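Asks: A single structure is presented below for examination.
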Amino acid sequence: MHPQGGGDLLSAEIAAAVDLGMRFHPTRGSMSLSEKDGGLPPDNVVQDHDVILAESQLAVEKHHDAKHGAMVRIALAPCSPFSVTKQLMIESAQLAEKLDVRLHTHFAENSEDDDYSLATFGCRPTDYLEEVGWCTDRAWVAHCVMPNEDEVQRLGKAHIGVAHCPSSNMILASGISPVVSLRAAGVHVGLGVDGSSSADSASMWLEARQAMLLAKLRDGAAAGTARMSLEIATRGGAGCLGRIGEIGEISVGAVGDLAVWSLTGPSFAGAIADPIEAWLRCGPTGAKHTSVQGRSIVDNGLLVSTKVDAMLAQHRVLAQRMQRLVN
């Protein structure tokens, strides 16, 4: 979202990630279809088609690092089929191909998405994705809750990526994504938390646990395992970002991003036979230590940055201001 008069929000986000030491894959989002044009966004957050494409290219030229081990990479992200024009979807895919960057959008989140696609485009969401040139391993989509069996196979054949957002999908009563079938078909399934309004604490550990539990609920107790969720949270995410063999694993040639989890204390009493199952079924809610590119980010459960308390205080003030405006 790029509200009018908002300034260069993308650069501000990247600067914050660099300051923290996080490996960051921001997307240059876009909305071009406002309420008056039949879309969802209000007029003050949409942009002109040509402006979006020009600023997207500029963002890639300014920030994107294609090298192995890059800390910042940019993807192009028209928000959803009901907030941008069909032409913008097509030209964003073409621009991503030209610049060799990735694509992201919201997709098949709930039954309303299916209804909208049928009513507006005369086809199902996967048909539309193919029509605009997005059924490719360059793209990853958020949610993918509602594909039918045929669509699952087509998405798998394209080796598209899916950011599975289990908590958001439950909070919004969207449904349960068929992640077991998607993975079996060849889709790269990674882990997501969606936006702050439907993700609570945005805990990746909680999302991994929820992914395991929802897979059990949908496909049977044996279907959802901690190992499946661990792979979704690591190599699956790397697949969505086009970085298998580089991030999301400990292997020769991969970068040194590590998360260390404690398996001690009363929660783990007796959990001896299978530490990976124990990690999700008993587990802690946060990592004890994390490091990115060899730099310590979390030490003994606490963020290393000395600015956190001040940032949280400022965030609270801004959040209260925004909520007063809404109310």
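The values are calculated or read from the model by the stated rules, or taken from the named source; none is laboratory data. This one's a predicted model, so the numbers in the text were calculated from it and none came from an experiment. Neighbour counts run over all protein chains shown; Cβ positions are idealised from the backbone, glycine included.
Asks: Looking at segment 134-174, which of the residues that are out of contact with any strand residue (DSSP E or B) (no Cβ under 9 Å at 6 or more places or on another chain) and of a type in the set (Gly, Ala, Ser) is nearest to GLY239 (Cα to Cα)?
Replies: The qualifying residue nearest to GLY239 (Cα to Cα) is GLY156.
Asks: Filter segment 149-177 down to the residues that are in a loop (DSSP other than H, G, I, E, B), surrounded by 24 or more Cβ atoms within 10 Å (Cβ to Cβ) and of a type outside the set (A, V, I, L, M, F, W, C) and list them by number.
Replies: SER177
Asks: Here's something else I'd like to know. Filter segment 184-210 for residues that are surrounded by 15 or more Cβ atoms within 10 Å (Cβ to Cβ), assigned to a helix (DSSP H, G or I) and over 14 Å from the mean Cα position of the chain (by Cα) and give the result.
Replies: If the condition is that a residue be surrounded by 15 or more Cβ atoms within 10 Å (Cβ to Cβ), assigned to a helix (DSSP H, G or I) and over 14 Å from the mean Cα position of the chain (by Cα), then ALA185, TRP205, LEU206, ARG209, GLN210 are the ones that fit.
Asks: Filter segment 290-312 down to the residues that are closer than 24 Å to HIS68 by Cα and more than 22 Å from the chain's Cα centre (by Cα) and list them by number.
Replies: Within segment 290-312, GLY294, ARG295, SER296 meet the criteria.
Asks: Can you pull out the residues in segment 54-94 that are surrounded by fewer than 20 Cβ atoms within 10 Å (Cβ to Cβ) and assigned to a helix (DSSP H, G or I)?
Replies: Passing the criteria: ALA54, GLU55, GLN57, LEU58, GLU61, LYS62, HIS63, LYS86, GLN87, ILE90, GLN94.
Asks: Return the residues of segment 1-37 that are exposed (fewer than 13 other Cβ atoms within 10 Å of the Cβ) and part of a loop (DSSP other than H, G, I, E, B); say none if nothing qualifies.
Replies: GLN4, GLY5, GLY6, GLY7
Asks: Now for a different question. Could you give me the residue pairs with C-beta distances under 6 Å whose first residue belongs to segment 126-144 and is over 22 Å from LYS98 (Cβ atoms), whose second residue is acidic (Asp, Glu) wherever it lies, and which are 6+ apart or on separate chains?
Replies: If the second residue must be acidic (Asp, Glu), the pairs left are THR126/GLU151; HIS143/GLU109.
Every residue, every condition in (1) acidic (Asp, Glu); (2) closer than 15 Å to MET212 by Cβ; (3) assigned by TED's automatic domain parsing to the domain that holds PRO125, yes or no:
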| position | (1), (2), (3) |
| --- | --- |
| PRO147 | no, no, yes |
| GLU151 | yes, no, yes |
| ARG154 | no, no, yes |
| ALA158 | no, no, yes |
| VAL162 | no, no, yes |
| SER167 | no, yes, yes |
| LEU172 | no, no, yes |
| ILE176 | no, yes, yes |
| ARG183 | no, yes, yes |
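Asks: Scan segment 38-47 and tell me whether some residue there is touching a residue at least 24 places away in the same chain (Cβ under 8 Å) and within 30 Å of THR234 (Cβ to Cβ).
Replies: Looking through segment 38-47, none of the residues is touching a residue at least 24 places away in the same chain (Cβ under 8 Å) and within 30 Å of THR234 (Cβ to Cβ).
Asks: Output the number of the condition that GLY248 fails; it satisfies all remaining conditions of (1) in the same structural domain as VAL298 (by TED's automatic domain parsing); (2) of a type outside the set (Ser, Thr, Tyr); (3) in contact (Cβ under 8 Å) with a residue 12 or more places away in the chain.
Replies: Unmet condition: (1).
Asks: What is the number of the single condition among (1) under 30 Å from HIS159 (Cβ atoms); (2) outside the structural domain of MET212 (by TED's automatic domain parsing) that GLN314 does not meet?
Replies: (1)
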